[in-house]
Amino acid sequence: YQRTPEGLFYKVLVAGRKDILPKEGQKVVFEFTAYNENGDQIDSSIRKAEPPSSKIGLGTIVPGVEIALKQMKIGERRRIIVSPNFGPPTGPQTFFSAKQFETFDIELMDIKDCVAERT
């Protein structure tokens, strides 16, 4: 595994095709599978109708996943180890009940510029 400057551990499983990285404000389209500390799958986008997408910088993605996505190229697949300080929020309003290490397999499928629609 390698380590990002932020302290996130990752392994590149498949290299990306282009040398373009997402920037703040751009939308990323990605697939993911998440595992808990026991190695049990806890979530996945693979079987859903469409892959998830989110705008970089809004804080709507698990912080560790956003850190990884911002450093990935289109087509790249990574396995990341997300420590509790980069994990999702916890509590009764969330899916997560305790701070724990999680593993994510993520693939950056596309990067899109966000353009305001005019009516």
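General observations
- In region 28-61, residue farthest from Y10 (Cα to Cα) [restricted to those that are of a type in the set (D, E) and touching a residue at least 12 places away in the same chain (Cβ under 8 Å)]: D43
- For region 34-44, the criterion of a residue being of a type in the set (D, E), out of contact with any strand residue (DSSP E or B) (no Cβ under 8 Å at 6 or more places or on another chain) and over 19 Å from E102 (Cα atoms) is satisfied by no position.
- Going through (1) in a loop (DSSP other than H, G, I, E, B); (2) within 13 Å of the chain's Cα centre (by Cα) one by one, R47 falls short only on (2).
- Flag if S44 is polar (S, T, N, Q), open to solvent by less than 40 Å² (accessible area, probe 1.4 Å) and farther than 16 Å from D110 by Cβ: yes
- Test: S83 is within 12 Å of I106 (Cα to Cα) and open to solvent by less than 30 Å² (accessible area, probe 1.4 Å): no
- Residues in region 53-67 that are buried (at least 16 other Cβ atoms within 10 Å of the Cβ), farther than 13 Å from I111 by Cα and of a type in the set (A, V, I, L, M): I61, V62, V65, I67.
- Residue count for region 4-19, restricted to those that are at negative phi and either open to solvent by less than 90 Å² (accessible area, probe 1.4 Å) or small (G, A, S) (or both): 11.
- Pairs linking a residue in region 62-91 that is acidic (D, E) to a residue that is open to solvent by less than 10 Å² (accessible area, probe 1.4 Å), with Cβ atoms under 6 Å and 6 or more positions apart or on different chains, are E76/L108.
The values are calculated or read from the model by the stated rules, or taken from the named source; none is laboratory data. Worth saying up front: this structure is predicted, and the values here are computed from it rather than measured. Note that each Cβ is placed from the backbone with ideal geometry, even for glycine, and that neighbours are counted across all protein chains shown. Just so you know, the surface numbers come from the protein's heavy atoms only, side chains and all, with ligands and any DNA or RNA stripped out. Shrake-Rupley method; radii C 1.70, N 1.55, O 1.52, S 1.80 Å.
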